[in-house]
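Just so you know, all these numbers are worked out from the coordinates, no wet-lab data involved. All values derive from a computational prediction rather than experimental measurement.
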Amino acid sequence: MTDSRSIGEPDALLDASGLHCPLPLLKAKQSLASLEKGKLLEVRATDAGSWRDMASFTEQSEHTLEAREEREGIYYYWIRKAGVSAS
C-alpha cells in the first residue's frame, strides 16, 4: 500500500461521514461505478467497521486500495478503479 501523500489528487471524493455500516461501502461501490477506469476515489468515513470493509472489498475485487489512514476519528481511503485510464 502506498503512502497517501504520494498518490496525488483524487478524481472524486465521497464523504460518507456519519453513515453506519454497510453504507460507506455501498456508497463507495456506487461512486466507483460512475468513475472511468483507472481513476482515483477518496472516501471519508467515520464508521470504524469501514476499515475492515474497504480492505475486504478491494481484496475481493479488481480495484486497488492505494492507501488508507485514520486521523482524529475519520477514516480515509484511496481506491483506484480497476482498469487502465482512457487518457
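Treating the angle as unsigned and between 0 and 90°, give the value, to the nearest 10°, between the Cα long axis of helix 50-60 and the longest Cα principal axis of the chain.
That helix lies at roughly 30 degrees to the long axis.
Over segment 24-87, what relative contact order in percent results from Cα pairs under 8 Å that are six or more residues apart?
Rounded, it is 43 percent for segment 24-87.
Rounded to the nearest 500 deg cm²/dmol, what is the calculated helix-only ellipticity per residue at 222 nm for the chain, with -39500 (n - 2.57) per DSSP H run of length n ≥ 4?
-8000 deg cm²/dmol
Rounding to the nearest 10 and keeping the result within 0 to 90°, find how far the Cα-based axis of helix 23-34 lies from the longest principal axis of the chain.
10 degrees
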